[in-house]
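Colleague: Take this structure, written in C-alpha cells, and hold onto it; I'll ask about it next.
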Amino acid sequence: MQNRYNARVTDAPDFDSLAEQLAQYLRPRRFKHSQYVAETAHELAQIHAPYLANEARLAGLLHDHAKSLGNRALIAQAARFDIDITPSERESPGLLHGKVAAALLPERFNIDDPAIRRAIADHVTGRPGMGTLSRILFAADQASADRAFDGVDELRRVAREDLGRACLLVAMHKLRYTLYKERIIDPVTVEVYNELLKQGHADGR
C-alpha cells in the first residue's frame, strides 16, 4: 500500500463532532456498529496500552466509514490513492474498504495520524507485523457488543487477557467464515494466522 502515514493529529479529538460527521456516511446499523467498536477498542486499549486509549476509540469509531461505498467506487478510490490492489481484493472489492477508509481519513475527517490510519487499513484482513493499535482494532471489530457468532464470548474474554491470542481467534473466524461463504481467501489473513501461531498464541490443544 502506497498511502502516506506520516503526519500526526495535534488536537484532541472531538468525538461527538466526529460521530455526527460519520453518520453522514453510514447506514444506522453500521453507524451503531462503529460506536460499539469504538467502545470495545477503548476498553481494550485501557487494559493493554492505556496511552493509546484515545487513538483506539477514534480508530474504532471511524474504521468503517468507507463501508457504504460500492465495489466500483472502492476500486476507483483505490486507484485515486495509488493503493495496490491484490488479486483477492480485485475479486472481492469489499476487502478494500479499510485501505480506502484510511486514505480518505484526512479528506473526510481532517485526521492524518499514521497509527490510526494504519490500524484502519489493517482491520479487514489483518497484516503480518501489526502494531498494538492495529491489533486492538482487529480484535475489537469482531468482539464488539453487536457481534453474535459462535465463539464471540470466548473472543471477548480472551481479548481482555491476551491480545495476540485474540487476534489469532479473529483470523481463524475470518478464515472459517470465508470458507463457509465459499469466497476467495485473502492470503494476508493466512499470513497473519501463521505468524500468530509461530509467536506462540495457540492454546496448546
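The values are calculated or read from the model by the stated rules, or taken from the named source; none is laboratory data. Everything numeric here is computed off the predicted structure, so don't read it as measured data. Every residue, glycine as well, gets a Cβ built from its backbone with ideal geometry; the counts of neighbours run over all protein chains shown.
Colleague: Identify the single condition in (1) buried (at least 17 other Cβ atoms within 10 Å of the Cβ); (2) in contact (Cβ under 8 Å) with a residue 60 or more places away in the chain that Ile75 does not satisfy, given that it satisfies every other one.
Modeller: All conditions pass for Ile75, except number (2).
Colleague: Which one is surrounded by the most Cβ atoms within 10 Å (Cβ to Cβ), of the residues in segment 137-149 that are outside any helix (DSSP H, G or I) and of a type in the set (A, V, I, L, M, F, W, C)? Reasoning before the result, please.
Modeller: Step one: list which residues in segment 137-149 are outside any helix (DSSP H, G or I), which gives 144-149.
Then keep just the ones that are of a type in the set (A, V, I, L, M, F, W, C); that gives 145, 148-149.
Details: Ala145: 14, Ala148: 7, Phe149: 11.
Among them, the one singled out is Ala145.
Colleague: Continuing with this model, one more query. So for segment 165-172 (the condition being over 24 Å from Tyr51 (Cβ atoms) and more than 15 Å from the chain's Cα centre (by Cα)), does at least one residue qualify?
Modeller: Yes, some residue in segment 165-172 is over 24 Å from Tyr51 (Cβ atoms) and more than 15 Å from the chain's Cα centre (by Cα).
Colleague: Shifting gears a bit: What number of residues within segment 48-68 satisfy the criterion of being part of a loop (DSSP other than H, G, I, E, B) and under 12 Å from Arg30 (Cα atoms)? So that I can check it myself, show each step before the final result.
Modeller: Applying the first criterion (part of a loop (DSSP other than H, G, I, E, B)) to segment 48-68 yields 49, 63-68.
From what's left, under 12 Å from Arg30 (Cα atoms): 63-68.
Residues that pass the stated criteria total 6.
Colleague: Can I ask one more? Determine if segment 136-143 includes at least one residue that is within 19 Å of Pro87 (Cβ to Cβ) and at pLDDT 95 or above. Give the steps one after another, and end with the answer.
Modeller: Step one: of segment 136-143, the residues within 19 Å of Pro87 (Cβ to Cβ) are none.
Checked against the condition, which is being within 19 Å of Pro87 (Cβ to Cβ) and at pLDDT 95 or above, segment 136-143 yields no hits at all.
Colleague: Filter segment 150-201 for residues that are assigned to a loop (DSSP other than H, G, I, E, B) and under 19 Å from Gly129 (Cβ atoms) and give the result.
Modeller: Residues of segment 150-201 that are assigned to a loop (DSSP other than H, G, I, E, B), as a first pass: 150-151, 162, 181-186, 199-201.
Passing the criteria: Asp162, Asp186, Gln199, Gly200, His201.
Colleague: Can you list the helices (runs of 4 or more DSSP H) lying wholly within segment 71-119 that have 1 or more residues being touching a Phe, Trp or Tyr at 6+ places or on another chain (Cβ under 6 Å) and not charged (D, E, K, R)? I'd like the intermediate steps shown before the answer.
Modeller: Numbers: elements: 71-80, 87-91, 97-109.
Here the list reads 97-109.
Colleague: What are the residues in segment 167-200 that are small (Gly, Ala, Ser) and either surrounded by fewer than 20 Cβ atoms within 10 Å (Cβ to Cβ) or without any contact (Cβ under 8 Å) to a residue 40 or more places away in the chain (or both), if any? Break it down stepwise before answering.
Modeller: Residues of segment 167-200 small (Gly, Ala, Ser): 171, 200.
Gly200, the sole residue that qualifies.
Colleague: Assess whether Ala7 counts as being surrounded by fewer than 18 Cβ atoms within 10 Å (Cβ to Cβ) and either modelled with pLDDT under 95 or within 14 Å of the chain's Cα centre (by Cα) (or both). Walk me through it before giving the result.
Modeller: On the way: surrounded by fewer than 18 Cβ atoms within 10 Å (Cβ to Cβ): yes; either modelled with pLDDT under 95 or within 14 Å of the chain's Cα centre (by Cα) (or both): yes.
So Ala7 fits the description; yes.
Colleague: Among what's in segment 100-136 and is among the polar types (S, T, N, Q) and over 19 Å from Ala45 (Cβ atoms), pick the residue that is surrounded by the fewest Cβ atoms within 10 Å (Cβ to Cβ).
Modeller: Going through segment 100-136, the residues among the polar types (S, T, N, Q) turn out to be 110, 125, 132, 134.
Next, only the ones that are over 19 Å from Ala45 (Cβ atoms) stay: 110, 125.
Working: Asn110: 11, Thr125: 23.
Step by step, filter segment 100-136, then rank; the result is Asn110.
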